[in-house]
Amino acid sequence: MAIQRMDNVLIVVEDIDAVIAFFVELGMELEGRGPIEGPWVERVIALDDVRQEVAMLRIPGAPGGIELAMFHTPKAVRSEPPDAPANTLGIRRVMFAVDDIDDVVGRLLAHGAELVGEVVNFETVYRLCYVRGPEGIIVGLAEQLT
């Protein structure tokens with residue numbers, strides 16, 4: 001059996017509106033948003049009394065996306081500081097290929113994000129950077145040069 005595709009990455013958030021706005025500014029599209037609750041979700045994620053709001057964001061014209069979940073009950077648990085360094089165990093970032101890294105960084109900074117380090121060249125192949133958005137979410141950006 002082979003994997004068919006990677007469908008999405010889940011990010012649990014406290015302010016779903018701010019995080020949706022961040023990813024929309026990045027260039028994603030909000031595919032859908034709504035409440036999720038009931039026995040089926042409780043059985044899947046092994047939590048009781050689940051009430052959450054979920055939003056699905058997709059990359060226009062491309063596979064894959066980001067799923068956001070804001071838990072009303074049970075309350076979300078923070079396992080690390082929101083500004084954890086790059087060497088912290090666990091998922092650290094989601095990487096996106098972009099056409100114009102300067103444009104994307106400029107738009108995200110104007111939207112309240114911050115550059116984690118610097119925009120740097122990896123040889124003559126890519127320009128790369130990390131940007132920290134709302135709730136400490138880090139996205140990597142890569143602009144292909146050659």
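The values are calculated or read from the model by the stated rules, or taken from the named source; none is laboratory data. Everything quoted here is computed from the prediction, not taken from an experiment. Counting neighbours? That spans all protein chains shown, and the Cβs are built from the backbone with ideal geometry, glycine included.
Below is a table of values for the structure above.
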quantity	calculated
Yes/no for Ile45 being closer than 22 Å to Met6 by Cα and either in contact (Cβ under 8 Å) with a residue 24 or more places away in the chain or aromatic (Phe, Trp, Tyr) (or both)	no
Residue list for region 102-146, filter: loosely packed, with under 11 Cβ neighbours inside 10 Å, in contact with a Leu (Cβ under 7 Å, 6 or more places away or on another chain) and of a type in the set (A, V, I, L, M)	Val120
One residue from Val44, Val9 being more than 17 Å from the chain's Cα centre (by Cα), β-branched (Val, Ile, Thr) and under 24 Å from Gly90 (Cα atoms)	Val44
Criterion violated by Asp83 - all others in (1) in the same structural domain as Val13 (by TED's automatic domain parsing); (2) charged (D, E, K, R); (3) at pLDDT below 95 satisfied	(1)
Near pairs, Cβ below 6 angstrom, 6+ apart or cross-chain, from region 99-127 (free of Cβ contacts under 8 Å to residues at least 24 places away in the same chain) to any residue that is surrounded by fewer than 11 Cβ atoms within 10 Å (Cβ to Cβ) and assigned to a loop (DSSP other than H, G, I, E, B)	Thr124/Thr146; Val125/Thr146
Residue in region 70-81 that is surrounded by 11 or more Cβ atoms within 10 Å (Cβ to Cβ) and either hydroxyl-bearing (Ser, Thr, Tyr) or closer than 21 Å to Arg5 by Cβ (or both) present	yes
The one condition in (1) within 25 Å of Asp7 (Cα to Cα); (2) without any contact (Cβ under 8 Å) to a residue 24 or more places away in the chain; (3) touching a helix residue (DSSP H, G or I) at 6+ places or on another chain (Cβ under 7 Å) that Gly90 fails to fulfil	(3)
Subset of region 23-46 (residues that are within 27 Å of Phe96 (Cα to Cα), out of contact with any Leu (no Cβ under 8 Å at 6 or more places or on another chain) and part of a strand (DSSP E or B))	Gly32, Arg33, Gly34
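Listed here are the residues, each with its yes/no results for (1) of a type in the set (A, V, I, L, M); (2) part of a strand (DSSP E or B); (3) within 17 Å of the chain's Cα centre (by Cα); (4) under 21 Å from Val24 (Cα atoms).
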site	(1), (2), (3), (4)
Asp48	no, no, no, no
Leu57	yes, yes, yes, yes
Val77	yes, no, no, no
Glu80	no, no, yes, no
Phe96	no, yes, yes, yes
Val105	yes, no, yes, yes
Asn121	no, yes, no, no
Glu135	no, no, yes, yes
Glu143	no, yes, no, yes
